[in-house]
Each structure stands twice: as C-alpha cells, then as structure tokens.
Amino acid sequence: MRLAKPIRKLIESFEKLPGIGPKTAARLTFYLLHVPESQLEEFALALSNLKKETVLCSICFNISETDPCPVCMDQSRQKELVCVVEQPLDILAIEKTGNFSGTYHVLHGAISPLNNIGPDEIYLKPLLDRVKNNNLAEIILATNPNMEGEATAMFIKKSIGGINEKVKVTRLAHGLPVGSDLEYADEVTLSRAIEGRKEY
C-alpha cells in the first residue's frame, strides 16, 4: 500500500531523530493523525519556536532564553568553580542533585577522532579563555565515562596545565559506571560522584 505523501514525509522526519526506528516513526505519525487539531498546532508551534526562542549563553554555552543564562547571572553561584559537561542535558542531571553551587561550561560534544570530531569542533577554546581570563579555582571534568569522554577530559587537563597550573582540575569520581551517559544517572549516583571527585 502506498502511503499518502504528507504521512510518508512525517514518518521520514521522525526516523531522522535519535532512537526512532521505522515502526516507532509510523506509530507516532498515525497517533498525531488522531489528536485534535488544536493540540497538533500547539505541537507544531513548540517545534517552530525551539530554535527561534532559544540562544546559546555567551559565557557557558548552555541553551537558554536569555544571554547570559540564569546560572551565569545568579550571583549566589560560585563563579570560581566550573563544571565542564558534554551536553546541556547533563546540566539538568547535575542540577537535580541540588549538590552543586558552581557554574558550568557546555562543550556540545566530545573529542572523537573516529567521527572526525577534534578539539576545534567543540566549545573548548572558550573554556580555555575562561581559564586564562578569570580567577578560577577548580575545573570539574564531568564528561561521560566512556572513551570519548575520557579522551576529552585528558585533553582538557593537559591544555589547562599549559595555561594555568594554579587551577585545580578534578574528575567526577565513583558512582558512574564506565560506558554510561551522564543524563541517565540518578540523583544519588551523581551526588556521590560530585562529592567524591578527585584531582585529575
């Protein structure tokens, strides 16, 4: 059976999303055919505004509605303490613990030679500029505990050492299993990892 063109195009669009296979894409498309028109328009507007109404924070590169973002503007945060994460979702995971009062830096990826992602393809230079131009006391490397995350952490540690040896560089400690992603860790595991961080 040949599907109507609008249905086929939406299925193809869903398939481009991570973790969505052909069956799930078709299921989502046919589900949307049956929701009320107003709900569908609301969904379409939310999608349309996703890029229009968000900006990258010029300090930490988190995604926000404002620049600087609320965390960077918050005077109660410890500005000399910076937690380096791979993705904005990782900030949400750490913030849920309620156990971190510093600021962040989002790399938007990790060094991965196999995928042709080097240090220049992620927001690494702005981090090193922060190390140069600010009185930072500690950089917490909270990249994912997998090969790419470890390679990125080692590269950052080496780069910071060449700029400012006074800055303490730590890595999230026990509690995070190797090969897992930060965004899937529970609050207790992340809290223990933050508390038990060690010099890197």
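The values are calculated or read from the model by the stated rules, or taken from the named source; none is laboratory data. Keep in mind that what you see is a predicted model, and the values were worked out from it rather than measured. For neighbour counting, all protein chains shown are included, and Cβ atoms are generated from backbone atoms with ideal geometry for every residue, glycine included.
Taking segment 30-71 as the range and being more than 16 Å from Pro126 (Cα to Cα), charged (D, E, K, R) and within 21 Å of the chain's Cα centre (by Cα) as the test, the residues that pass are Lys51, Lys52, Glu53, Glu65. Criterion applied to Arg27, Arg2 was being among the basic types (Lys, Arg), outside any strand (DSSP E or B) and at pLDDT 90 or above, and the one residue passing it is Arg27.
Taking every residue in segment 42-59 that is closer than 25 Å to Tyr104 by Cβ and pairing it with any residue that is of a type in the set (D, E, K, R) and part of a loop (DSSP other than H, G, I, E, B), at least 6 positions away or on another chain, the pairs with Cβ-Cβ distances below 8 Å are Glu53/Glu65; Thr54/Glu65; Val55/Glu65; Val55/Asp67; Leu56/Asp67; Cys57/Asp67; Ser58/Asp67. Does Lys132 qualify as being in contact (Cβ under 8 Å) with a residue 12 or more places away in the chain and among the basic types (Lys, Arg)? Taking the combined requirement at face value, the residue satisfies it.
Only residues that are modelled with pLDDT under 70 and over 25 Å from Ala137 (Cβ atoms) were counted in segment 165-192, giving 3.
Within segment 119-145, the set of residues being part of a helix (DSSP H, G or I) and of a type in the set (A, V, I, L, M, F, W, C) comprises Leu127, Leu128, Val131. Cβ-Cβ distances below 7 Å connect the following pairs, each with a first residue in segment 64-92 that is free of Cβ contacts under 8 Å to residues at least 12 places away in the same chain and closer than 24 Å to Asp186 by Cα, a second residue that is small (Gly, Ala, Ser) and surrounded by 18 or more Cβ atoms within 10 Å (Cβ to Cβ), and a separation of six or more residues or different chains: Pro70/Ser64. Determine whether Ile20 is under 22 Å from Glu138 (Cβ atoms) and either in contact with a helix residue (DSSP H, G or I) (Cβ under 8 Å, 6 or more places away or on another chain) or assigned to a helix (DSSP H, G or I) (or both). When the stated conditions are applied, Ile20 does not pass them.
For segment 97-118, residues that are within 20 Å of Ile63 (Cα to Cα) and assigned to a helix (DSSP H, G or I) total 1. Of all residues in segment 148-166, those being surrounded by fewer than 17 Cβ atoms within 10 Å (Cβ to Cβ), within 17 Å of Gly109 (Cα to Cα) and without any contact (Cβ under 8 Å) to a residue 24 or more places away in the chain number 1.
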